[in-house]
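Please read the structure below before turning to the comments.
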Amino acid sequence: MRAVRAVRAVRDVHARTVPAPAATVGALLDRLGGEDDPLFPTPAWPPMRFDRPLGVGADGGHGFVRYRVAAYEPGRRLRFDFTDGGTGWHEATVHPLGPGSCRVEHVLESQLPLFRRLMWSLVIRPVHGTVVEELLDNIERAATGRVPAPARRSSRVRLLHRLLWDRPRAVPLPGTARLAHGAFPRTDFQDAWQLELRPGMPPEPEAWQGVLRGAAFPVVGRTDHEILLGGDTRQLGFRASIHVADGRVTLGTVVRLHRAGGRLYFAVVRRFHPFMARLMLRRFHRRLALAAPSAGEREAPRA
């Protein structure tokens, strides 16, 4: 006989009364997932993105959560069906309460087997609830300019936020990192680690110089998209490139070995170097994201 999995429904509801006309809030909702999205809480969380303009059939999601637009009533309602193997949906609606007030509601329903229900309770639900509450903060901030009681992240959410943060990927040293490529006539070692910039993160390389915080390397070169730091010893020459372009930040390293002592020294260092480079880039990427203005804060001055 086939085993029957115990599947149960989960339902999660978040709502807030916003002292602004429904038309104002609805217009903000219509920009969700766009390049100028004023609501989704980035860069603290991965942005919501779709493969086409917002409308029925648009595929996308945020982070590892994937869904498709199943229903769209401009200014009033957005419904998404999950497409990542689960069943269920989530939707946002705007309900007028009067000429200067409305109620915004976000509802999630899903059918989950036992294991995924445990994951929902322990991991997904607290993170999901925080993201939705911060989205509601941004609605209120963008529509009214203030949030009397902003959401707070619990200690569990802060821990999960740290653990789930983007991880750098190994890439070739970008061709446009000209300072790094021209640092030495010949290099004995080079590598590069890269992360995507989230909306609202600084695109200036100077803002990323702190990725090597604690390392006393002087700046030896600078362009509009790259800062080169490094130094030379009798054993080797070392350069670290911080390159920011095309929506990505890349931490690159080039090394020139001078003598046998340098080769012996770097044979040990290179075992730890990739781990340390990834760690420094990941930590600083998260630090800058948390320090950057939220989508609602970026929208409020324009409003």
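The values are calculated or read from the model by the stated rules, or taken from the named source; none is laboratory data. These numbers come from a predicted model, not from an experiment. Neighbour counts are summed over all protein chains in view; Cβ atoms, including those assigned to glycine, are modelled from backbone coordinates with ideal geometry.
Quick notes on this one:
- Across the range 247-268, the number of residues qualifying as within 27 Å of residue 162 (Cβ to Cβ) and either loosely packed, with under 12 Cβ neighbours inside 10 Å or free of Cβ contacts under 8 Å to residues at least 60 places away in the same chain (or both) comes to 3.
- Residues in the range 43-56 that are surrounded by 14 or more Cβ atoms within 10 Å (Cβ to Cβ) and in contact with a strand residue (DSSP E or B) (Cβ under 8 Å, 6 or more places away or on another chain): 45, 46, 47, 48, 49, 50, 54.
- Complete set of residues in the range 166-204 that are in a loop (DSSP other than H, G, I, E, B), over 19 Å from residue 290 (Cα atoms) and acidic (Asp, Glu): 188
- Filter pass, residue 20 being within 19 Å of residue 141 (Cα to Cα) and in contact with a Gly (Cβ under 8 Å, 6 or more places away or on another chain): yes
- Any hit, the range 215-238, residues being within 19 Å of the chain's Cα centre (by Cα), surrounded by 13 or more Cβ atoms within 10 Å (Cβ to Cβ) and not assigned by TED's automatic domain parsing to the domain that holds residue 158: no
- Considering only residues in the range 47-81 that are part of a loop (DSSP other than H, G, I, E, B) and of a type in the set (A, V, I, L, M), the one that is farthest from residue 166 (Cα to Cα) turns out to be 56.
- The residues listed here are 84, 37; of these, the one that is assigned to a loop (DSSP other than H, G, I, E, B), surrounded by 18 or more Cβ atoms within 10 Å (Cβ to Cβ) and acidic (Asp, Glu) is 37.
- Every listed requirement among (1) modelled with pLDDT of 95 or more; (2) surrounded by 15 or more Cβ atoms within 10 Å (Cβ to Cβ); (3) out of contact with any Ser or Thr (no Cβ under 7 Å at 6 or more places or on another chain) is met by residue 20 save one, (3).
- Just one of the listed residues (216, 207, 240) is over 24 Å from residue 264 (Cα atoms) and of a type in the set (A, V, I, L, M, F, W, C), namely 207.
- Checked against (1) in a helix (DSSP H, G or I); (2) over 22 Å from residue 108 (Cα atoms), residue 147 meets all criteria but (1).
- For the range 135-148, the criterion of being surrounded by fewer than 20 Cβ atoms within 10 Å (Cβ to Cβ), touching a Lys or Arg at 6+ places or on another chain (Cβ under 8 Å) and either over 23 Å from residue 199 (Cβ atoms) or polar (S, T, N, Q) (or both) is satisfied by no residue at all.
- Flag if residue 239 is of a type in the set (Lys, Arg) and touching a strand residue (DSSP E or B) at 6+ places or on another chain (Cβ under 6 Å): yes
- Residues satisfying the stated conditions in the range 57-75, i.e. surrounded by fewer than 17 Cβ atoms within 10 Å (Cβ to Cβ) and touching a residue at least 24 places away in the same chain (Cβ under 8 Å): 59, 63, 74, 75
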